[in-house]
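A.B. asks: I am attaching a structure below and will ask some questions about it afterwards.
The values are calculated or read from the model by the stated rules, or taken from the named source; none is laboratory data. Note that the coordinates shown come from a computational prediction; the quantities given were computed from them, not determined experimentally. Quick reminder, even Gly has a Cβ in these numbers, built from the backbone with ideal geometry, and neighbours come from all protein chains shown. Remember, those area values only see protein heavy atoms, side chains included, never the ligands or the DNA or RNA. Shrake-Rupley method; radii C 1.70, N 1.55, O 1.52, S 1.80 Å.
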Amino acid sequence: MKIVNVGLPGNNYDIMIDEGLLARSGELIAPLVPPRSIVAAAADENVWRLHGESFSASLHKAGLKHRVVIIPPGEGSKSLEGLAALYEAFADMPLRRDGLVVVFGGGVAGDLGGFAAATWMRGVRFVQVPTTLLAQVDSSVGGKTAVNLPQGKNLVGAFHQPALALIDPLLLRTLPARELRSGLAEVVKYGAIRSPRLLADLTGGGELDYAAIIAECCGIKAGIVARDERDGGERMLLNFGHTFGHALERRGGLNHGEAVAVGMVIAAFMGEAMGLARPGTAASLRSALTDLGLNCVCPCPPAELLPALAVDKKSEADGLRMAFLREPGQACLKALSFSEIKEILGKAEDRWKTQE
């Protein structure tokens, strides 16, 4: 078993990574549940259909009384309406302050269930059991929880760290190929901002060791989160590709990882246009992404995405801070006004059009 510790003052917890860990989840969760307390399992509908019997059997074996709340699949569930449905289910159980929420699913379930835990009775503990590659390497780590509004992604949320995260790479065997590629986009992000070796391993042509990949990504994020839990500085580097990615995702047609892949390429070409990165950095990143089966062609002129940036949760009065590459493994933050973003984006478009 690989264990990554998230060393936050007053909230130290482990991320456990091992094949077959789902069957042991009950015994690992049990120490967190007081006698006679209830476990609320907030589970993605598709995940529960595939793996719910195994997960429930593990909880039963550990003597844990639990109730299951099914979350319909898809980003549409990450809404105020989806949140209200969880609250009503918690009330009917009833889930009390000494109870535990266990989130069983991908990023949507994790964000929604985590935010419900953060706000139910002013906060109850929760455990992440992520089942997609994207959730295993990124969204289940670090305590960001949120729901969407029609105006933008993750606008209503809270920092609420899990008490434990349990990651079973074997669950990826039932993940659709498109969702696996989506998760690989986030892995590329970690390689781009922190680990050139990881980036090279991804595109080396060999069989991917997902347990090792997940552990490295979690380790990178755990270190950053321990230094900047509230997203005031270094943690914003993890948003590389997400500024334009979220705008593309909201536009429709692309899932999260696909949109982030395009967003990373846009940001990389912008970095070159500003002189932050040497020529060829963006093309190399785009090649790594396409080698993994990700389409990095922007489905619209990037300038059309600019209005969406104004409602990005990271935006400020006259602009926002974006993450850019200097070189593979090294990233930086730069504050730009919206007018500067527009100007730089125009220069960046000229660069990538000549390299397509």
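A.B. asks: Would it be correct to say that Ala283 is over 28 Å from Leu171 (Cα atoms), of a type outside the set (Phe, Trp, Tyr) and buried (at least 19 other Cβ atoms within 10 Å of the Cβ)?
C.D. replies: Against the criterion (over 28 Å from Leu171 (Cα atoms), of a type outside the set (Phe, Trp, Tyr) and buried (at least 19 other Cβ atoms within 10 Å of the Cβ)), Ala283 does not qualify.
A.B. asks: Residue check, Arg230 against (1) in a helix (DSSP H, G or I); (2) touching a residue at least 24 places away in the same chain (Cβ under 8 Å); (3) open to solvent by 20 Å² or more (accessible area, probe 1.4 Å), all met but one. Which one?
C.D. replies: (1)
A.B. asks: Taking the condition of being under 24 Å from the mean Cα position of the chain (by Cα) and not hydrophobic (A, V, I, L, M, F, W, C), how many residues in the range 27-61 meet it?
C.D. replies: Residues in the range 27-61 being under 24 Å from the mean Cα position of the chain (by Cα) and not hydrophobic (A, V, I, L, M, F, W, C): 6 in total.
A.B. asks: Working carefully through the options Leu86, Leu28, Leu95, Leu50, find the one that is farther than 30 Å from Arg251 by Cα and touching a helix residue (DSSP H, G or I) at 6+ places or on another chain (Cβ under 6 Å).
C.D. replies: Leu50
A.B. asks: Please verify whether Arg36 is of a type in the set (Lys, Arg), open to solvent by 50 Å² or more (accessible area, probe 1.4 Å) and at pLDDT 95 or above, treating the condition exactly as stated.
C.D. replies: no
A.B. asks: Can Ile3 be described as under 22 Å from Lys221 (Cβ atoms), modelled with pLDDT of 95 or more and either surrounded by 20 or more Cβ atoms within 10 Å (Cβ to Cβ) or not aliphatic (A, V, I, L, M) (or both)?
C.D. replies: no
Let's see how each residue does on (1) out of contact with any helix residue (DSSP H, G or I) (no Cβ under 7 Å at 6 or more places or on another chain); (2) at negative phi; (3) surrounded by fewer than 19 Cβ atoms within 10 Å (Cβ to Cβ); (4) not charged (D, E, K, R):
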residue: Pro150; (1), (2), (3), (4): yes, yes, yes, yes
residue: Lys153; (1), (2), (3), (4): no, yes, no, no
residue: Leu166; (1), (2), (3), (4): no, yes, no, yes
residue: Leu198; (1), (2), (3), (4): no, yes, no, yes
residue: Ala212; (1), (2), (3), (4): yes, yes, yes, yes
residue: Cys218; (1), (2), (3), (4): no, yes, no, yes
residue: Ala222; (1), (2), (3), (4): yes, yes, no, yes
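A.B. asks: Residues to consider are Gly26, Gly52; find the one that is without any contact (Cβ under 8 Å) to a residue 60 or more places away in the chain, open to solvent by less than 30 Å² (accessible area, probe 1.4 Å) and out of contact with any strand residue (DSSP E or B) (no Cβ under 7 Å at 6 or more places or on another chain).
C.D. replies: Result: Gly26 is the single residue among Gly26, Gly52 that is without any contact (Cβ under 8 Å) to a residue 60 or more places away in the chain, open to solvent by less than 30 Å² (accessible area, probe 1.4 Å) and out of contact with any strand residue (DSSP E or B) (no Cβ under 7 Å at 6 or more places or on another chain).
A.B. asks: Determine whether the range 294-312 contains at least one residue that is closer than 17 Å to Ala200 by Cα and either assigned to a helix (DSSP H, G or I) or open to solvent by 60 Å² or more (accessible area, probe 1.4 Å) (or both).
C.D. replies: No, there is no match, as no residue in the range 294-312 is closer than 17 Å to Ala200 by Cα and either assigned to a helix (DSSP H, G or I) or open to solvent by 60 Å² or more (accessible area, probe 1.4 Å) (or both).
A.B. asks: Restricting to the range 57-67, name every residue that is farther than 16 Å from Arg97 by Cα and either open to solvent by 20 Å² or more (accessible area, probe 1.4 Å) or among the aromatic types (Phe, Trp, Tyr) (or both).
C.D. replies: Passing the criteria: Ala57, His60, Lys61, Ala62, Gly63.
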